[in-house]
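Each value in this text was obtained by applying a stated rule to the coordinates, not by laboratory testing. Keep in mind that what you see is a predicted model, and the values were worked out from it rather than measured. For neighbour counting, all protein chains shown are included, and Cβ atoms are generated from backbone atoms with ideal geometry for every residue, glycine included.
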Amino acid sequence: MADGNSDKRFATRSVHAGTKHIEGAVNTPIFQSSTYYLTDERYAGWAAGAQHTLIYSRLSSVNSDACVEKICAMEGAEDGELFASGMAAISTVMMGLLSRGDHVVASPDVYGGTYGLMTEELPRFGIEVSMADMRDAESYEAAIQPNTKMLYIETLSNPVLKVCDIEAMAAIARKHDLLLIVDNTFTSPWGCQPIKMGCDLVIHSTTKYLGGHSDIVGGAVVGRKDLIAHLFPKKVHFGGAPDPHACYLLERGMRTLSARMPIHCANAADIANRLQDHPMIEKVIHTSLTNHPDYETGQRIMPKGTGMLAFVVKGGDDAALKFMRGLKIIFEATSLGGVESLIECPFNSSHMFIPEEVRHAAGVIPGFVRVSIGIEDVEDLWDDISSALNAL
Ligand SMILES: Cc1ncc(COP(=O)(O)O)c(C=O)c1O
C-alpha cells in the first residue's frame, strides 16, 4: 500500500496519499460502478486472491482503494480494508480472526455496539470473552487463558475517556504471542499511531474524525499485511463493503484531518478548563487536565489531546437532559468527530443497552454528558454551554 508519499510528513500524507489522479483529475473521481470490465489482468488478479483488484465493488473500488492507501499512510500500516460501518469493520475482525473455542480479553467500557457484539453475538458462536480494565494492562494479563487469541482495546475509551497504555498492552501481547487490536476512532491517526507502539491491527469508525463532517457511515481496518490478507475474504463473505460515493466523501474528509484536529483538541481543552469552575459542574473529564487519572499515560500515548470531552452535571440525568435541551448551537445527537459540536447523555443513547450497573461501574454516573467538540469559535461554544448551565 506504500505510495510516493511514505517519506513525507503527516499533513502531506493526509492530503496526497492514495489519491487517484485519473485523467489528470486532482481528486479521485467517484467510480459509481458496481462491477468492472474483466480484462486478462483482472482475471489474473482474481485468480491470485482478488485483493485490491477491480472486479466488483463488494471486493474493492477505486474509491475504497484510495481511502485505504491514505489511512495506511497516516497510520503507518502495511495494508487495510474499508467497510460500510465501524461495526462492520469490528465484527469482521472478530468473526474473521476468532473461531469456536477461542478467547478474547476486552473491557466493559468499549463502544456500546462493540460491547453488544462481544457479549451477545460472539458467545453464540462459542467464542469466549473476558472483561478486564483497559486502563490497567496487568488486569488484561491476569485474564489471559490458554485459549486466548486476542487482546482488544480502544486508545481512548468511550465515553469516560480512559487512556489505554498501548505500549504496556503491546508488551503483554508480545509476551503471550497474542493479537493486539485497537479501536483508534477517538484520537484519529493524527493523535495516535498505535502500530508504531506494537498493535497488529487498527480499527476506525471512519464515520467520526476521519470523515469529519457527519455525512457518512464507514469503517476501516489497517495493519499487518498477513492479517489483512486473511480478513479480505471474510469481508467479501460477510458483505460489509462501503459504497464508492461514501468512500469519495471519506477521502475528501481525510484530506483536511490535520487542519481540523488541532482545533477540535484546543477547543475541547479550553472548554474543559472553563467548565471546572462552573458551579453546576460536578466533574470534568478531559485528557488535557492534570487531574485526569491517566494524565501521564495520555501525555505519552496521545500527547496532542482529543476533541472528546465528558462532564457530570449536578442534579443527575434530569438536569443533564434539561441542560442539553437549553443549548442553541451544540446539537443533541449521537456520534462524534464532525466539524459541528454534538452532545449526548450516554445513558439514553450510545450506552442505552449496557446494563445500568455496568455503566455506573465504568463511571457513566447520573448527570454524565459526552460532547464531541467541533471546530466552531470557542467563545460561541462557551456562551452556549454556560448559558444552558446558568439556566438550570
Ligand atoms: C469508538 C467507536 N468505535 C466504533 C463505533 C462504531 O462505528 P459505526 O457507527 O461507524 O458503525 C463507534 C460509534 O460510535 C465508536 O464510537
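Counting every other Cβ atom within 10 Å of each residue's Cβ, LEU180, LEU289, LEU227 order from fewest to most as LEU289, LEU227, LEU180.
Summarising the label geometry, the points placed 7 Å from Cα in the beta-carbon direction at ASP380 and ILE365 lie 3.5 nm from one another. Counting other Cβ atoms within 10 Å as a rough exposure proxy, the listed residues TYR36, TYR43, TYR111, TYR152 run TYR43, TYR36, TYR111, TYR152 from fewest neighbours to most.
Listed from fewest to most Cβ neighbours within 10 Å, the set VAL202, VAL358 follows the order VAL358, VAL202. Computed about its Cα centre, the charge dipole of the chain is approximately 480 debye, with only Lys, Arg, Asp and Glu carrying charge at their Cβ. Considering helices alone, the calculated mean residue ellipticity of the chain at 222 nm is -11000 deg cm²/dmol, with DSSP H runs of length four and up weighted by -39500 (n - 2.57) and normalised per residue. Once you sort the root eigenvalues of the Cα gyration tensor of the range 260-390 as a ≥ b ≥ c, which label holds: rounded (a/c under 1.5), prolate (a/b larger than b/c) or oblate (the other case)? Taking the square roots of the gyration eigenvalues as a ≥ b ≥ c, the range 260-390 is rounded.
Prolate is the label for the range 57-166, because the ratio a/c of its alpha-carbon gyration tensor axes (a ≥ b ≥ c) is 1.5 or higher and a/b is greater than b/c.
For the range 1-91, the relative contact order works out to 32 percent when only alpha carbon pairs closer than 8 Å and six or more residues apart are counted. Bridgeable aspartates and glutamates around LYS20 (alpha carbons under 14 Å apart, same-chain partners fewer than 8 residues away excluded): ASP3, ASP65, GLU69, GLU251.
Here, P(r) means the percent of Cα pairs in each 20 Å bin from 0 to the largest distance; for the chain it is 29, 57, 14, 0. Within the range 10-254, antiparallel bridges make up roughly 45 percent of the DSSP beta bridges whose residues both belong there. In this simple spin-label model, placing a label point 7 Å from the Cα along the Cα-to-Cβ direction at both SER387 and LYS20 gives a separation of 4.7 nm. For the range 260-390, the relative contact order comes to 30 percent (Cα pairs under 8 Å, sequence separation of at least 6). This model, with +1 at the C-beta of Lys and Arg and -1 at the C-beta of Asp and Glu, gives the range 1-47 a dipole about its Cα centre of some 260 debye.
Computed over the chain, relative contact order equals 17 percent, with contacts defined as Cα pairs under 8 Å that lie 6+ residues apart. In this Cβ point-charge picture (+1 for Lys and Arg, -1 for Asp and Glu), the range 260-390 has a dipole of about 220 debye about its Cα centre.
Comparing ASN147, ASN184, ASN273 in a Gaussian network model of the chain (Cα springs below 10 Å), the most mobile by mean-square fluctuation is ASN147.
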